[in-house]
1. Just give me the residues in the stretch 5-37 being small (Gly, Ala, Ser) and crowded, with 19+ Cβ neighbours inside 10 Å, in sequence order.
2. Given the criteria aliphatic (A, V, I, L, M), farther than 15 Å from ILE344 by Cα, without any contact (Cβ under 8 Å) to a residue 12 or more places away in the chain and open to solvent by 10 Å² or more (accessible area, probe 1.4 Å), does ALA220 qualify?
3. Test SER109 against the criterion of being buried (at least 17 other Cβ atoms within 10 Å of the Cβ), farther than 19 Å from VAL6 by Cβ and of a type in the set (Gly, Ala, Ser), and give yes or no.
4. Since GLU360 meets every condition but one in (1) of a type in the set (D, E, K, R); (2) buried (at least 17 other Cβ atoms within 10 Å of the Cβ); (3) modelled with pLDDT of 85 or more, which condition does it not meet?
5. Which one is farthest from GLY246 (Cα to Cα) among residues in the stretch 157-197 that are touching a residue at least 60 places away in the same chain (Cβ under 8 Å), open to solvent by 20 Å² or more (accessible area, probe 1.4 Å) and not in a helix (DSSP H, G or I)?
6. For the stretch 399-415, which residues satisfy the criterion of being without any contact (Cβ under 8 Å) to a residue 60 or more places away in the chain and either open to solvent by less than 90 Å² (accessible area, probe 1.4 Å) or in contact with a Ser or Thr (Cβ under 7 Å, 6 or more places away or on another chain) (or both)?
Amino acid sequence: MSLLVVGLSHRSAPVSVLERASLAVDARTKLLQDTLAAEPATEAAVLATCNRIELYADVDKFHAGVAELSTLLAQHSGVGLDELTPYLYVHYEDRAVHHLFSVACGLDSMVVGEGQILGQIKDALALGQELHTAGRLLNDLFQQALRVGKRAHSETGIDRAGQSLVTFGLEQLADGTEVTAWAAGKRALVIGAGSMSSLAAATLARAGVEEIVVANRTRARADRLVEILGQAGVPTARAVEMAAVGDELTRADVVVSCTGATGLVLTAEAVARALGVAFHTAGQASEAPAAAAPDALDQHAAWVENGSATAAAQDRAVRRVPVRQAVTGPARLHLLDLAMPRDIDGAAHRVAGVRLVDIESLAEASADAPMAADVDQVRTIVADEVAAFGAAQRAAHITPTVVALRAMAADVVAGEIARLDGRLPDLDEKQRAEITQTVRRVVDKLLHAPTVRVKQLASEPGGAGYADALRELFDLDPQTVAAVSRADLNDPNRGRS
């Protein structure tokens, strides 16, 4: 095993870098294909979420692998290598396994203990399997990571240590008030209909909001989410076109946005217009007619249709400011931005009556969140599982050699029985079967102890050399061993959950 991971996350990079380096699905596909085409990598998988981008690969050269994976991340993220490098981290072999298992358990999440990462790991594995970039090592690794994450959530109270980003975000909006009391009677607008937006809608429904409006660029997906909400008992839920968001914003009390847009979905001017105040770039807001701002939704549609990330980046560069949620007096509009890159202009917090929580402010708030005692128990689980995974991988490395040895022994038995038939042609079938069975038992007994022992030795740290020793001692054909490995790798039932 030569597992390598190169990545960046909310722990290593500022949000401004993370949002620029975010990978759309098409970019992930191209990244995986290019990684596999690179010389050092034989397998690849990418884990891309709102607060991390990690490229996993099975490499034959460490330094060349780090250089190649770093370069590929820079190329496909759109952030220059010189700028990206200071924020990258590298984990190798057992440390890489430990990292992914910790991620799967929620120990490395922005909100410790959140369970959404398991679905994202599953998606990463599914993409690698679909593109055939995930081979035996990464299939085993990601499948085991999913099992470790589920074990952590079922055997410990890690769920009490943190919540989903949605729940945590709503708690920040509620600002010390019980979320159910804060949400009661409110009208909510959910922009987007993906997995995070669906979770937000469901969470708002459980919190007791009066109405949920879903806006999505693809109307059918918005309709489907509304149908699901209706089945769940939400009294009032309806879908609207993205073009209607401006009107809905004037009626909403809380907005949750999580889309895949490359530009801003809501500008500060659009938010100010919905509240009937004017917004000035200097940060001053005053009562003014609603027509004072440009149509942010038209801008958003143009960015999406034209694929112009440049205009979006320029807009964000102008408007990016440190986000603070302090407001004077009660908030009239609560905004929760869970997108990466951001959907909502960071300057919207300066609009009078607006409370804005986004990924950056969630990171700041979660850094001070109390850690549950169960976290230590999860860390123990991770350490045990890393050791077990390493032992299993080392043992698996010698399995093809053991299989090849037993195949050679079976060929020897078959050859000797054939030779016996030529020397004793008068043997009846019963006698021949008994002799054959006896010879096979002798060979199996002779091979049993050494093959079991060599598997045990190979599973220990530093045991990789036992496979080579076995091949030398029994003069096994390397091509035969390789054929066994290929057959195991191409097993259609391997690596599927």
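The values are calculated or read from the model by the stated rules, or taken from the named source; none is laboratory data. Computed from a predicted model, the values in this text were never measured in an experiment. As a convention, Cβ positions derive from the backbone with ideal geometry for all residues, glycine included, and neighbour counts pool all protein chains shown. In case anyone asks, the SASA skips ligands and DNA or RNA and just uses the protein heavy atoms, side chains included. Shrake-Rupley method; radii C 1.70, N 1.55, O 1.52, S 1.80 Å.
1. GLY7, SER9, ALA13, ALA21, SER22
2. On the way: aliphatic (A, V, I, L, M): yes; farther than 15 Å from ILE344 by Cα: yes; without any contact (Cβ under 8 Å) to a residue 12 or more places away in the chain: yes; open to solvent by 10 Å² or more (accessible area, probe 1.4 Å): yes.
Answer is yes for this residue.
3. So SER109 passes the test.
4. (3)
5. ASP175
6. ARG406, ALA409, ALA410, VAL412, VAL413, ALA414, GLY415
Conditions (1) of a type in the set (Ser, Thr, Tyr); (2) open to solvent by 30 Å² or more (accessible area, probe 1.4 Å); (3) closer than 20 Å to GLY128 by Cα; (4) at pLDDT below 95, marked per residue:
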residue: THR49; (1), (2), (3), (4): yes, no, yes, yes
residue: GLU54; (1), (2), (3), (4): no, no, yes, no
residue: VAL59; (1), (2), (3), (4): no, no, yes, yes
residue: GLY65; (1), (2), (3), (4): no, no, yes, yes
residue: SER70; (1), (2), (3), (4): yes, no, yes, no
residue: GLN75; (1), (2), (3), (4): no, yes, yes, yes
residue: GLY78; (1), (2), (3), (4): no, yes, no, yes
residue: GLU93; (1), (2), (3), (4): no, yes, yes, yes
residue: LEU100; (1), (2), (3), (4): no, no, yes, no
